[in-house]
C-alpha cells in the first residue's frame, strides 16, 4: 500500500473510530463506516491539512469511499 | 459567574453602543477580543479603554472579500476564534411600496449575508476545537415586524432561521448557535428622540423604560459561556416584556 493510502487510512480510523481492516478500497464513509455528512466534511478538512492541498467543495462531494479519497489525493499532490 | 479566560472572541459592529458593551462584557469576563467595525477611531478608543487583550480589525461588511478575510485575520491576531458575535447591522428604512432594490439588497447583504459568511469562516476552527459559541444579534422587529422596516425585519428573521439550521448541524461538535433579539435599547441613536417620542415608546414597554446596551451584553455573555453549552438554536428576547415570545 502506498504511503498516501496509509496516511489516509490512519486519518479515517482515527476520525471515525473504526477497525483498520474495515477501511477497504470500496468502503463508503457513510454507508460502511458509519460517518454522517458532517464527518465527511471533517475528513476532507483533515485530508487538506495532512497533505497540504485544497479540496474544493464540488470535488469533496465526489469523495465517497476510501478509494476515492486516495485517488483524489494522489492526483492532487 | 461566567469565566471566559483563554477564549478568543470576534465582535462585529463593536464601534456601536451595543457592540461596545458586548465587547466590554466579554473582555471583563476574561476573553481576548477582536473589535471589528467600519469606523476605526471609536474602535481604537474602545481597545485603549479595554486594555492589552483587545485588538482592532476594521472591516467593511458590504465587501465580500473583506468579510471573508476577517475570520482569518482574527485567528491570526488572537490564535483562534472561539466566540463569534455578529452584531453589526444597518437600517435603510422605507415604506415597502417605495423600497428600492438597492435598499433591500444592501440591508440583506450586510445584516444576513455577511453573518452567514462570518459563521462559515469560523466554523472550521470551532469544529476542530470541538467548542464554539456563535451569537447572532437579531431584533424584536424580526419577530414582530415594523412598518418601514421590511428589509431590516427580513434580515433579522432570516438570521433566526439560519442560526437554527446551523445549530442543528454543529450541535454534536460542541458548537452552539443562538440569537439575542433586543427590543428598544438606549444608544446614541435613541438619544436623538424627543422626550415626547420616548414617552410614547416607553408606554408600550411593560418595564416602562428602554433597555441598556449592558443588558444586551449580559445575554450575549451568558450564551458565550461554558455554562450555556446545552442552549442552542434559541433566541433570547431582551425587550422589557414588549413582546413576550
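What follows is calculated from the coordinates using simple rules that are stated; it is not laboratory data. Quick caveat: nothing in here was measured; it's all calculated off a predicted structure. Reconstructed Cβ throughout: ideal geometry from the backbone, glycine too, with neighbour counts over all protein chains shown.
Here is the size of the range B:161-245 from its Cα atoms: Rg then Dmax, 15.6, 50 Å. As a proxy for reagent exposure, ranking B:152, B:230, B:168 by other Cβ atoms within 10 Å from fewest up yields B:230, B:168, B:152.
Beta bridges per DSSP, both residues in the protein assembly as shown: antiparallel share near 5 percent. If the chain linking residue B:45 and residue B:60 were pulled fully straight, counting 0.36 nm for each residue of separation and taking away their Cα-Cα distance, it would gain 3.5 nm. With one equal scatterer per alpha carbon and no solvent term, the Debye-computed log10 I(q)/I(0) for the protein assembly as shown at 0.09, 0.10 1/Å reads -0.53, -0.64.
One equal scatterer on each Cα of the range A:1-76, no solvent, Debye formula: the resulting log10 I(q)/I(0) at q = 0.14, 0.23, 0.28 Å⁻¹ is -0.35, -1.06, -1.72. Between the range A:1-22 and the range B:60-85, the alpha-carbon centres lie 33 Å apart. On C-alpha positions alone, give me the angle between the axis of helix B:64-78 and the longest principal axis of chain B, in degrees, nearest 10. Result, in degrees: 50. The C-alpha atoms of chain B define a longest principal axis, and helix B:40-50 lies at about 60 degrees to it. Residues within the reach of a label modelled at residue B:92 (point 7 angstrom out along Cα to beta-carbon, backbone nitrogen below 19 Å), restricted to the range B:173-187: there are none. Estimated purely from DSSP H runs of n ≥ 4, each contributing -39500 (n - 2.57), the mean residue ellipticity at 222 nm for chain B is -14000 deg cm²/dmol once divided by its residues. What separates the Cα centres of the range B:158-212 and the range B:90-112 is a distance of 19 Å. Would you look at the GNM of chain A, springs on alpha carbons closer than 10 Å, and say which of A:46, A:27, A:59 moves the most? With Cα springs under 10 Å in chain A, the top fluctuation among A:46, A:27, A:59 is at A:59. By the compact-protein rule of thumb, 2.2 N^0.38 Å, the alpha-carbon radius of gyration of the range B:95-146 corresponds to a ratio of 1.53.
Using a ≥ b ≥ c from the Cα gyration tensor of chain B (square roots of the eigenvalues), is it rounded, prolate or oblate, where a/c under 1.5 gives rounded and otherwise the larger of a/b and b/c decides, a/b for prolate? Rounded shape, in that the Cα axes give a/c under 1.5. Using a Gaussian network model of chain B in which every pair of alpha carbons under 10 angstrom is joined by a spring, one finds that among B:77, B:180, B:122 the greatest mean-square fluctuation is at B:77. In degrees from 0 to 90, rounded to the nearest 10, what is the angle of the helix B:150-170 Cα long axis to the longest principal axis of chain B? Approximately 30 degrees, to the nearest ten. Spin-label model, residue B:243/residue A:62: points 7 Å from Cα along the beta carbon direction are separated by 4.7 nm. Comparing mean-square fluctuations of B:64, B:156, B:164 from a GNM of chain B with C-alpha springs under 10 Å, the top value falls on B:64.
Listing B:117, B:130 from fewest to most neighbouring C-beta atoms within 10 Å gives B:130, B:117.
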